[in-house]
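Colleague: Take this structure first; my questions come after.
The values are calculated or read from the model by the stated rules, or taken from the named source; none is laboratory data. Small disclaimer: the values here were computed from a predicted structure and weren't measured. All Cβ positions, glycine included, derive from the backbone under ideal geometry; neighbour counts span all protein chains shown.
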Ligand SMILES: [Zn+2]
């Protein structure tokens, strides 16, 4: 068996489902905590590593919220965003659509204009200094209800930052029906934003149908339960609606009980355009390279298969056509050179 990890590490990649706060690694959290000594988050790396060892999902939510509490000023937002891009650069992620939840920050008193300037400033610096192209998905935290939906839509449409390409919906699905968010998605779509709600992560295929029919989803966050409905799988394949699959996250949240039971192979076999993503990587003890390793195992892929998988994300992205061609070419060139060098 070839060790695919060195190939994956160097493979140029795009990521489409990854959360802003959820990407805060222990290194970044330590930096933020040092700025806010009154916080209960430990600042030394060793204590922080323990802090990041989750016992269960409730613990994950606690840690997530304590990281949210460290983001209090536009400077914190800028630091988090740029440092997340630095962690991406280390993995050869060349393009990412980062899911940002501006409501969590503006509700906590960060000035909205300052927030937008901070993410845009970090985006430009990441592109210039790290070679990582960032775009934004603004998502509604579903658990915060229609007030959050109204505020997120107002921020997306009214203050639309240059890097904003899509509009999403996250948070729990149980007890948070998708159709109630239709008017907000209608407004965002009318402004040219793409619709990318989470759906079918912890609920059944009907939630995915709701996302498609009511929220006019162009891509589905997770879509794990799609394999329970053959007609839905056929629909996704026929209309080339991509799924943003995050294998390790699905285990951490118990959406799937065991990695070996993950339905990603069924999705691919049904002809669905599958993209591989990391969701909240440090919080789930993973990163995108690790997720590609998992996908290679579950799908039985070699280097060429992994390169094709990486190109799925480019195709499913909202990068402009010239940018898509350039990144796809980069993936092909890297793969060809790798295979020549290793004589495979
Ligand atoms: Zn997510």
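Colleague: Can you name the residue in segment 204-253 that is out of contact with any helix residue (DSSP H, G or I) (no Cβ under 7 Å at 6 or more places or on another chain) and more than 16 Å from residue 274 (Cβ to Cβ) and is also surrounded by the most Cβ atoms within 10 Å (Cβ to Cβ) among such residues?
Modeller: The qualifying residue surrounded by the most Cβ atoms within 10 Å (Cβ to Cβ) is 212.
Colleague: If residue 253 passes every condition in (1) on the phi > 0 side of the Ramachandran plot; (2) within 17 Å of the chain's Cα centre (by Cα) but one, which one does it miss?
Modeller: It fails just one condition, (1).
Colleague: Right, another one. Identify, by number, the condition in (1) within 16 Å of residue 249 (Cβ to Cβ); (2) within 16 Å of the ligand (Cβ to nearest atom) that residue 68 doesn't meet.
Modeller: Going through (1) within 16 Å of residue 249 (Cβ to Cβ); (2) within 16 Å of the ligand (Cβ to nearest atom) one by one, residue 68 breaks only (1).
Colleague: Could you please find all residues in segment 152-178 being modelled with pLDDT under 95 and part of a helix (DSSP H, G or I)?
Modeller: Scanning segment 152-178 gives a single hit, 178.
Colleague: Mind checking whether some residue in segment 98-105 is part of a helix (DSSP H, G or I) and on the phi > 0 side of the Ramachandran plot?
Modeller: Of all residues in segment 98-105, those part of a helix (DSSP H, G or I) come to 102-105.
Filter once more, keeping what is on the phi > 0 side of the Ramachandran plot: none.
No, segment 98-105 contains no residue that is part of a helix (DSSP H, G or I) and on the phi > 0 side of the Ramachandran plot.
Colleague: Report every pair of residues separated by at least 6 positions or lying on different chains whose Cβ atoms are under 7 Å apart, first residue within segment 223-249 and in contact (Cβ under 8 Å) with a residue 24 or more places away in the chain and under 23 Å from residue 280 (Cα atoms), second within 12 Å of the ligand (Cβ to nearest atom) and assigned to a helix (DSSP H, G or I).
Modeller: 224/250; 248/284; 249/284
Colleague: Follow-up question, since we're still on this one. Taking residue 293 and the conditions (1) under 16 Å from the mean Cα position of the chain (by Cα); (2) modelled with pLDDT of 95 or more, which numbered condition does it fall short on, given that it satisfies the others?
Modeller: Here residue 293 meets the rest and fails (1).
Colleague: Please report, ordered by residue number, the helices (runs of 4 or more DSSP H) entirely within segment 192-284 with at least 3 residues that are at pLDDT 95 or above and away from the ligand (no atom under 16 Å from the Cβ). Give the derivation first.
Modeller: Details: elements: 205-213, 230-238, 247-252, 264-269.
Result: 205-213, 230-238, 264-269.
Colleague: Can residue 87 be described as outside any strand (DSSP E or B), surrounded by fewer than 24 Cβ atoms within 10 Å (Cβ to Cβ) and under 15 Å from the mean Cα position of the chain (by Cα)? Don't jump to the end; show me each part of the working.
Modeller: Values: outside any strand (DSSP E or B): yes; surrounded by fewer than 24 Cβ atoms within 10 Å (Cβ to Cβ): yes; under 15 Å from the mean Cα position of the chain (by Cα): yes.
Answer is yes for this residue.
Colleague: Where in segment 1-59 are there helices (runs of 4 or more DSSP H), lying wholly inside it, with at least 1 residues that are more than 21 Å from residue 247 (Cα to Cα), away from the ligand (no atom under 16 Å from the Cβ) and more than 22 Å from the chain's Cα centre (by Cα)?
Modeller: Numbers: elements: 5-10, 26-35, 45-51.
Filter on segment 1-59 gives 26-35, 45-51.
Colleague: Further question: Quick one: would you say residue 307 is buried (at least 16 other Cβ atoms within 10 Å of the Cβ) and either in contact (Cβ under 8 Å) with a residue 60 or more places away in the chain or part of a loop (DSSP other than H, G, I, E, B) (or both)? Give the derivation first.
Modeller: Details: buried (at least 16 other Cβ atoms within 10 Å of the Cβ): yes; either in contact (Cβ under 8 Å) with a residue 60 or more places away in the chain or part of a loop (DSSP other than H, G, I, E, B) (or both): yes.
Yes.
Colleague: Quick check: is even one residue across segment 117-138 touching a helix residue (DSSP H, G or I) at 6+ places or on another chain (Cβ under 6 Å), within 20 Å of residue 218 (Cα to Cα) and within 15 Å of the ligand (Cβ to nearest atom)? Write out each step before concluding.
Modeller: Step one: filter segment 117-138 for residues touching a helix residue (DSSP H, G or I) at 6+ places or on another chain (Cβ under 6 Å), giving 118-119, 121-122, 125-126, 130, 132-134, 138.
Okay, now just the ones that are also within 20 Å of residue 218 (Cα to Cα), so 134, 138.
When the remaining residues are screened for being within 15 Å of the ligand (Cβ to nearest atom), the result is 138.
Within segment 117-138, one or more residues are touching a helix residue (DSSP H, G or I) at 6+ places or on another chain (Cβ under 6 Å), within 20 Å of residue 218 (Cα to Cα) and within 15 Å of the ligand (Cβ to nearest atom).
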